[in-house]
Amino acid sequence: MKSIYYKEWIKIKRVFSASLVLGILALSFIFIKVRHDILFSDAAGYWYSFLFRGSPYYTLLRFLPLVTGLGIAIAQYFPETVDKRIKLTFHLPVRENEILIRMHFFGAASLTALFVLFYTIFITGSSIFFPSDIIVPALISITPWFLGGLATYFMVALILLEPVLLYRVLFGIVGAGFVSFFSLRAGIGGYKPILITLSALTILVSVVILFSGYRFRKGEM
Amino acid sequence: MVKISRYILILIGILVAAVAIPKLYWTIFEKVPVTTTIFYSCTLNDFLILGSEKTGPGGRIDPKGNKYNTAEYEKNMPLMFFRQLMTDGKMPDSINGVKMEPSYINRSNSFFKYTPKKLMAPVPTLYPLIESQSGRVALTMPEDYFRIAGRMEFIVAKTNKTDEEKSVLFTKALTEKGFVFPAGIIAGMPTTKKTKDEGYFVTDSQGSLFHIKMKKSQPYVAKIETPENFGIEYIECVDLKTSEYYCFLITKSNGVYVVMDEVYDLQRFPVENFDPYTQSLKINCDIFNKCATVIGDNWLKATAMDDSYNVIKTYEESWTGKYDRADGKILASLIPFQISLSSPDTEFVSFYFFKSPGYFWIISNLLMTCLAAFIIIRKDRKLKDNIIDLLFTAITGVYGCIAIFIFPNRFK
């Protein structure tokens, strides 16, 4: 099984590293800018913009999780669809779904690890400049973006493994609609009532790749 | 597990369709509704209605049915259009024996608007406490922000550290007046663009109401007497040039009050059964009258008062509701429900479920179920292997029918 994880790591390592660098650069830029703005205007005014004008300091993060999820899903599953290589995996002498589940687990775990790191940097950086009264609403606002990054990974994996082009398009429409729920325009902290539901839905869609895997194995044309 | 993964996808498909299809329908087919606005005329001593189903958009009418053109409308709303009337030389020198001075008219005019979105929105937990008596002409923003949790705590923005001395001083002042921490509602006007600063109106954990401000760097705290079980739901401070009252209060028992300036007396507005979660409220005030209008889904009720809050006239009007119009009826007969991530009544994002009124959608659901069964049979598949799919369609209608074929059943 270690060899499966190693194979997956080889596939995603470039995208993973690029996402890591991109994320750290984005977060560094966010806090360099916060420091600059606070120094050159004033801290009280900066807080005021966040609290009463709804100007967040973290908008740069909005599409980062989505791009990361998309990148890792493509790096992991696109090579499997070239010449239908995943068929070789399905012919290995293990239970039909086990390898697919392990592949998927590896991708999701890598993505989660990246997101946890980004979250930690975000909280650490924010706590230098802001009190919890600003950090908590900020976290409520960025959490759906990160959940959306995971949902993107799960839905893109489903789409890429789907063997029939028409259904890829249809899955794509549903996937795009679903992922859009995570990044609607809302006031700071506006996502609070829906966070648990979105988390539950994200956990539920983590297994939908089995559907494409099944269709692939059964030779849907 | 594979079967479960398909059902999860069907649920996601139904959710996406229930959001997207009604949204697309309304974007294409929704008719522009007529927005009705109502004012009280001090010259007619009656209401003037702007835009209604009787007049169409922009039409002006009074409750007796008399129609008014722009010039007549402005002439009968002299306190609203006094600048235009003065420019045209048509402004009367006095009305009801009161001499018309522009500064007096301007000072007495005020407008307050409440919508449920104000109540159901994320609120900050940090506020700036502006110095009320700095001796300076202009108000200035402080360098720190306060929160009222376990105590009243001031955090200096520049250092992100607590100002212990100031925090202890204000906490002590609040405790001495009987404030029980933490705060419930904190309402103020955190801006320097106002005529004067009156600090904040705050409820404590017991629901008691307090007025907190800072005068010459010292705390000013006053406890405001309220009836037992008053249950304040919402507070909005206003900056009236007349200094008649500090703020509006809306209570659990659906009462609308104002807190009178300096004396802290509560004055109830004669607005009955106002539901702050679903209804809007507009209050127009001028030298002679106050006009409070409660607006529901497809109705409004206006109450005109004299300067002492005594009711002098009321007016009610309703119009065709969204689902009584052809566009709404068609949609309600096609879909069993719709889901939206936003609502006109709240700033929060959530899955807002709205069941279609009436029962025509049941026929649509049955038709969709028959269509699904027909397609399944045409594809040489057994109905007994697709019972759950048909159940999805029977319950969710067109959404389910779309979802089960986007994620087709190949299980035996």
(request) Can you tell me which residue among B:215, B:252 is within 30 Å of residue B:136 (Cα to Cα) and open to solvent by 10 Å² or more (accessible area, probe 1.4 Å)? (result) B:215
(request) Return a yes/no flag: does the stretch B:312-326 have any residue that is among the aliphatic types (A, V, I, L, M) and either in the same structural domain as residue B:79 (by TED's automatic domain parsing) or out of contact with any strand residue (DSSP E or B) (no Cβ under 7 Å at 6 or more places or on another chain) (or both). (result) yes
(request) Look at residue A:92 and say whether it is modelled with pLDDT under 95, more than 10 Å from every other protein chain (Cβ to nearest Cβ) and not in a helix (DSSP H, G or I). (result) yes
(request) Filter the stretch B:145-156 down to residues that are open to solvent by less than 10 Å² (accessible area, probe 1.4 Å) and not β-branched (Val, Ile, Thr) and give me whichever is nearest to the other protein chains (Cβ to nearest Cβ). (result) B:145
(request) Identify the residue in the stretch B:362-402 that is closer than 17 Å to residue B:2 by Cβ and open to solvent by less than 30 Å² (accessible area, probe 1.4 Å) and, among all such residues, is nearest to the other protein chains (Cβ to nearest Cβ). (result) B:389
(message) Out of the residues in the stretch B:1-42 meeting the condition of being of a type in the set (Ser, Thr, Tyr) and within 14 Å of chain A (Cβ to nearest Cβ), tell me which one is most open to solvent (accessible area, probe 1.4 Å).
(response) B:7
(request) Determine which member of the set B:395, B:362 is among the hydrophobic types (A, V, I, L, M, F, W, C) and either farther than 27 Å from residue A:162 by Cβ or touching a Cys at 6+ places or on another chain (Cβ under 9 Å) (or both). (result) B:362
(request) Pick out the one residue from A:3, A:55, A:28 that is more than 16 Å from the chain's Cα centre (by Cα), in a helix (DSSP H, G or I), among the hydroxyl-bearing types (Ser, Thr, Tyr) and closer than 30 Å to residue A:137 by Cβ. (result) A:28
(message) When you check residue A:128 against the structure, is it open to solvent by 30 Å² or more (accessible area, probe 1.4 Å), in contact with a Pro (Cβ under 6 Å, 6 or more places away or on another chain) and in contact (Cβ under 8 Å) with a residue 60 or more places away in the chain, yes or no?
(response) no
(request) Return a yes/no flag: does the stretch A:42-58 have any residue that is within 12 Å of another protein chain (Cβ to nearest Cβ), over 26 Å from residue A:190 (Cα atoms) and either out of contact with any His (no Cβ under 7 Å at 6 or more places or on another chain) or free of Cβ contacts under 8 Å to residues at least 40 places away in the same chain (or both). (result) yes
(request) Could you tell me whether the stretch B:386-393 includes any residue that is touching a strand residue (DSSP E or B) at 6+ places or on another chain (Cβ under 9 Å) and either of a type in the set (Asp, Glu) or in contact (Cβ under 8 Å) with a residue 12 or more places away in the chain (or both)? (result) no
(request) State all residues of the stretch B:334-347 that are open to solvent by 50 Å² or more (accessible area, probe 1.4 Å), closer than 17 Å to residue A:191 by Cβ and of a type outside the set (Asp, Glu); if no residue qualifies, say none. (result) B:342
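A quick yes/no check of all residues on (1) modelled with pLDDT under 95; (2) open to solvent by 40 Å² or more (accessible area, probe 1.4 Å); (3) under 16 Å from residue B:199 (Cα atoms):
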position	(1), (2), (3)
B:93	yes, yes, no
B:112	yes, no, no
B:126	no, no, yes
B:131	yes, no, yes
B:136	yes, yes, no
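The values are calculated or read from the model by the stated rules, or taken from the named source; none is laboratory data. Quick caveat, the model's predicted, so the values are computed rather than measured. Every residue, glycine as well, gets a Cβ built from its backbone with ideal geometry; the counts of neighbours run over all protein chains shown. Just the protein is used for accessible areas: all its heavy atoms, side chains included, with ligands, DNA and RNA removed. Shrake-Rupley method; radii C 1.70, N 1.55, O 1.52, S 1.80 Å.
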